[in-house]
Amino acid sequence: MDPDDRNPDSWRRTSLRDGLRCGSEVRTVVERAHATRLPYQYEYETVSSGPRVADEFGTREYTNARVRFNCGVEGNGRVKLLTQGHFWGGPDRHQRFKAQYRRAPPPTETVPFDGYETWVNYRYGVVERDGDSIEFVPSEDGGEEVRPIEWAEMFAPVQRRLVELELVRNPPLARYVLEDIGEWEAFASALRYDVDAFDVGP
């Protein structure tokens, strides 16, 4: 190695562009979904405040939300999405909730982005924050139910996670149904730039 060589690539022995894919080399959303192996599972957490809460979770009352997603497609193709978290702020009572969205493994008569069998458990109370930690003091009232929930009723972040899972389960069918309901471009654009989506990057 030449000690007078001022080219950083010579010293690094690699280029900053090594491993970088451009143009037609970039994997599409469907290619990434196809390359993801079953079983597929990951966790994701989001914290929202202000007007975003109303936009993401369809509520006018709460001003803060913290939600953890446990997302998975089992080896047999069953889709399972567990959400749990808290809503607080605004004039309404604070809330702790859990919800699980499921679609049976193949063969099944249900189609993606239609109704999902859903278990919901919620409790009202008071959220107390200390830095990043949340303490929930429950009251006596709450509820639990199991029912099908239609696609249009679901929170936007729940829809986003289910789209990824349905694409992993059956990419052609998921894309076809999303195109049929006019939502493919919006979700494909969001997933295209999400390097953490799927097991394989862009």
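The values are calculated or read from the model by the stated rules, or taken from the named source; none is laboratory data. Please read all numbers here as calculations on a predicted model, not as lab measurements. Neighbour counts are summed over all protein chains in view; Cβ atoms, including those assigned to glycine, are modelled from backbone coordinates with ideal geometry. Side chains included, ligands, DNA and RNA excluded: accessible areas come from the protein's heavy atoms. Shrake-Rupley method; radii C 1.70, N 1.55, O 1.52, S 1.80 Å.
Things to note:
- Residue in segment 163-174 that is among the charged types (D, E, K, R), open to solvent by less than 70 Å² (accessible area, probe 1.4 Å) and in a strand (DSSP E or B) present: no
- Within segment 63-73, being outside any loop (DSSP other than H, G, I, E, B) and either under 22 Å from Glu135 (Cβ atoms) or open to solvent by 40 Å² or more (accessible area, probe 1.4 Å) (or both) holds for Asn64, Ala65, Arg66, Val67, Arg68, Phe69, Asn70.
- Close contacts from segment 109-137, counting a first residue that is at pLDDT 90 or above and a second that is part of a loop (DSSP other than H, G, I, E, B), with Cβ to Cβ under 7 Å and a gap of 6+ residues or different chains, come to Phe113/Ile181; Tyr124/Arg93.
- All positions within segment 144-154 that are in contact (Cβ under 8 Å) with a residue 24 or more places away in the chain and open to solvent by 30 Å² or more (accessible area, probe 1.4 Å): Glu144, Glu145, Val146, Arg147, Pro148, Glu150
- Inspection of segment 131-143 finds a residue satisfying the criterion of being open to solvent by 50 Å² or more (accessible area, probe 1.4 Å), part of a strand (DSSP E or B) and among the hydroxyl-bearing types (Ser, Thr, Tyr).
- Pair list, Cβ < 8 Å and 6+ apart or interchain, from segment 26-38 residues that are over 11 Å from Arg175 (Cβ atoms) and touching a residue at least 24 places away in the same chain (Cβ under 8 Å) to residues that are surrounded by 14 or more Cβ atoms within 10 Å (Cβ to Cβ) and aromatic (Phe, Trp, Tyr): Arg32/Phe198; Ala35/Phe198; Thr36/Phe198
- Only a single criterion out of (1) at pLDDT 90 or above; (2) open to solvent by 70 Å² or more (accessible area, probe 1.4 Å); (3) out of contact with any Pro (no Cβ under 7 Å at 6 or more places or on another chain); (4) within 25 Å of Tyr116 (Cα to Cα) is not satisfied by Arg60, namely (1).
- Residues being open to solvent by less than 30 Å² (accessible area, probe 1.4 Å), farther than 17 Å from Ala197 by Cβ and touching a helix residue (DSSP H, G or I) at 6+ places or on another chain (Cβ under 7 Å) - total across segment 27-57: 1
- Within segment 180-202, residues that are in contact (Cβ under 8 Å) with a residue 60 or more places away in the chain have Cβ atoms under 6 Å from residues that are outside any helix (DSSP H, G or I) and among the charged types (D, E, K, R) in these pairs: Pro202/Arg27, counting only partners at least 6 apart in sequence or on another chain.
- Residues satisfying the stated conditions in segment 72-97, i.e. under 16 Å from Val126 (Cα atoms) and touching a residue at least 24 places away in the same chain (Cβ under 8 Å): His86, Phe87, Trp88, Gly89, Gly90, Pro91, Asp92, Arg93, His94, Gln95, Arg96, Phe97
- Residues in segment 74-103 that are open to solvent by 40 Å² or more (accessible area, probe 1.4 Å), basic (Lys, Arg) and either touching a Ser or Thr at 6+ places or on another chain (Cβ under 9 Å) or not in a strand (DSSP E or B) (or both): Arg78, Arg93, Lys98, Arg102.
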